[in-house]
1. Looking only at segment 61-88, which residues are modelled with pLDDT of 95 or more and charged (D, E, K, R)?
2. Which condition from (1) of a type in the set (S, T, N, Q); (2) in contact (Cβ under 8 Å) with a residue 24 or more places away in the chain; (3) buried (at least 16 other Cβ atoms within 10 Å of the Cβ) is the one that residue 100 breaks?
3. Just wondering, is there one or more residues in segment 27-48 that are over 19 Å from the mean Cα position of the chain (by Cα), part of a helix (DSSP H, G or I) and either among the aliphatic types (A, V, I, L, M) or at pLDDT below 95 (or both)?
4. Looking only at segment 51-85, how many residues end up being within 18 Å of residue 127 (Cα to Cα), in contact with a helix residue (DSSP H, G or I) (Cβ under 7 Å, 6 or more places away or on another chain) and either of a type outside the set (Val, Ile, Thr) or not in a helix (DSSP H, G or I) (or both)?
5. Quick check: is even one residue across segment 107-125 under 14 Å from the mean Cα position of the chain (by Cα) and loosely packed, with under 14 Cβ neighbours inside 10 Å?
6. Name, by its number, the condition in (1) more than 15 Å from residue 64 (Cα to Cα); (2) in contact with a Leu (Cβ under 6 Å, 6 or more places away or on another chain); (3) touching a residue at least 60 places away in the same chain (Cβ under 8 Å) that does not hold for residue 123.
Amino acid sequence: TTLASVAQRANISTGIVSHYFGDKDGLLEATMRHVLRDLWAATTRRRTNARKDPRARLRAIAAANFDDTQVSAPVMKTWLAFWSQSMHDPMLKRLQHVNTRRLHSNLCAEFAKALPHAKAREAASGLAALIDGLWLRGALAGGPIDTRAALKLAHDYIDLLLASA
């Protein structure tokens, strides 16, 4: 996608897009900041509405990553572009690092309520990897992501880890 095609779809001039975003990376950064705000809002909303036990709150965090705001075709394409570009652009890499740390921190805090600290960190890393992997496979499948199936696998993983607590 070029800045010109974005401007054309938005029915504005290329100059305006260029003025506000500079280049494609600037546009991607601004778009991802919006997508990440949506993700953090979904996470906060779902955690707040969940029962206070770790299992329910972990499920809420997983569900936020498969929220409608995160699985539309345009947003999924944006995530894929972001992940690709974050390996090369320091600002995008920083955004990715912040997002990764936030997810891990949220998961670790909930697992730590039921598991020893070292086990909680390991469980958080595993669930974060599972969420990312399920999301990525869904995004690359070529059709709408099966959020129900993805969440069932995430829930099963959470249940398995907490069963040992």
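1. Residues satisfying the conditions are 67, 68.
2. Result: residue 100 fails condition (3) only.
3. The first filter runs over segment 27-48 and keeps only residues over 19 Å from the mean Cα position of the chain (by Cα), leaving none.
Taking every residue of segment 27-48 in turn, none turns out to be over 19 Å from the mean Cα position of the chain (by Cα), part of a helix (DSSP H, G or I) and either among the aliphatic types (A, V, I, L, M) or at pLDDT below 95 (or both).
4. Here is the first cut: in segment 51-85, the residues within 18 Å of residue 127 (Cα to Cα) are 53-67, 70.
If we keep only those that are in contact with a helix residue (DSSP H, G or I) (Cβ under 7 Å, 6 or more places away or on another chain) as well, we get 54-55, 57-67, 70.
Adding the requirement that they be either of a type outside the set (Val, Ile, Thr) or not in a helix (DSSP H, G or I) (or both) leaves 54-55, 57-60, 62-67, 70.
So the count comes out to 13.
5. No, segment 107-125 contains no residue that is under 14 Å from the mean Cα position of the chain (by Cα) and loosely packed, with under 14 Cβ neighbours inside 10 Å.
6. (3)
The values are calculated or read from the model by the stated rules, or taken from the named source; none is laboratory data. Bear in mind the structure is a predicted one, so any value in this text is a computation, not a measurement. Don't worry about glycine lacking a Cβ; one is built from the backbone with ideal geometry, like all the others, and counts go over all protein chains shown.
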